[in-house]
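The structure under discussion appears below in the form of structure tokens.
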Amino acid sequence: MRVFTFAMALACMVLAGCVTSPYPDPEPFVSGGGALDGVPARFASRLAPKFEQVNAIVFSYKLHELTALGVASVDLTTRSFAVTCMTPIGVKLFDVVCTQGHAEGKFVHPELAKRGGDLAQAAGADLMHAYFDWQPPKGSPYKVQGGRLIFAAADVSGITEYRYAWRDGRLAEKVRFEKGHRMWSVEYRDYACCAGGLVPTGMVIANQQYGYQLVVSTREEKR
């Protein structure tokens, strides 16, 4: 998968503290009159099958923040992506490739690896959560609560909640619970409409197991 070239243009900062989401909460879900159990499929049908992006990324890990630039090339039809995250001076933080639903951490900076074990592999799994599986399995139970249309998809290990918001029923959050504990979450806070369909342009990816968070803001799209 080709990753298009980009110009490094962000300052890199390492700061003490905890990063918070820069995005406002989405508008509450409003039923458009159709069957509620059809909302996920209608939303998924509006997504662009392929897209490439240059993203500003704030990587928060163990009370430190690193601002960097990321490049993502995503193909929903083949469940494949390539994601690289680098500092403005070209120091690679991590490199993850997913081919037909199998993610592999190709690289993680030694300093990050020293502090967090296999972060590249964890990042690969979280990026799969973010870029794939945009709707719950058919027949999943649902409810309307707190301004969200929430579907609960259960499996042998736990439950993944798919939470839809906005007037047109876009996916706002995916949250994974296992044994009563929150394992990971993806907040979708902005979408762009391009020729191929909707593309996520604002995300907050959190991994409670590893204790890190990625705030992703798209700066450039190639459609």
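The values are calculated or read from the model by the stated rules, or taken from the named source; none is laboratory data. The shown structure was predicted, so the numbers you read here are calculated from the model rather than taken from an experiment. Here the Cβ positions follow ideal geometry from the backbone for every residue, glycine too, while neighbour counts run over all protein chains shown.
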Notebook entry, point to check: hydrophobic (A, V, I, L, M, F, W, C) and modelled with pLDDT under 95 - does that describe any residue in the range 31-39?
Noted result: yes
Item checked: Listing of strands (runs of 3 or more DSSP E) fully contained in the range 133-223 that carry 1 or more residues being under 19 Å from the mean Cα position of the chain (by Cα) and crowded, with 19+ Cβ neighbours inside 10 Å -> 148-154, 159-165, 170-178, 181-194, 197-207, 212-222
Checklist line | Neighbours by Cβ (under 9 Å, 6+ apart or cross-chain): first from the range 169-184, within 23 Å of Thr201 (Cβ to Cβ); second assigned to a strand (DSSP E or B) and among the polar types (S, T, N, Q) | finding: Glu173/Ser185; Lys174/Thr160; Lys174/Ser185; Val175/Thr160; Val175/Ser185; Arg176/Thr160; Arg176/Ser185; Trp184/Asn207
Note to self: If I filter the range 1-27 down to residues being at pLDDT 85 or above and touching a Phe, Trp or Tyr at 6+ places or on another chain (Cβ under 8 Å), which single residue comes out as surrounded by the most Cβ atoms within 10 Å (Cβ to Cβ)?
What the structure shows: Pro26
Item checked: Tabulated pairs, the range 125-146, first touching a residue at least 60 places away in the same chain (Cβ under 8 Å), second part of a loop (DSSP other than H, G, I, E, B) and surrounded by 15 or more Cβ atoms within 10 Å (Cβ to Cβ), C-beta under 7 angstrom, 6+ apart or interchain -> Val144/Phe29
Notebook entry, point to check: Does any residue of the range 97-117 turn out to be closer than 30 Å to Arg167 by Cβ and aliphatic (A, V, I, L, M)?
Noted result: no
Note to self: Residues that are closer than 22 Å to Tyr188 by Cα, hydrophobic (A, V, I, L, M, F, W, C) and touching a residue at least 12 places away in the same chain (Cβ under 8 Å): list the strands (runs of 3 or more DSSP E) wholly contained in the range 29-118 that include at least 2 such residues.
What the structure shows: 50-61, 64-75, 80-86, 92-99
Next item on the list: Check Phe94, Phe81, Phe51, Phe43 and return the single one that is at pLDDT below 85 and buried (at least 16 other Cβ atoms within 10 Å of the Cβ).
Entry: Phe94
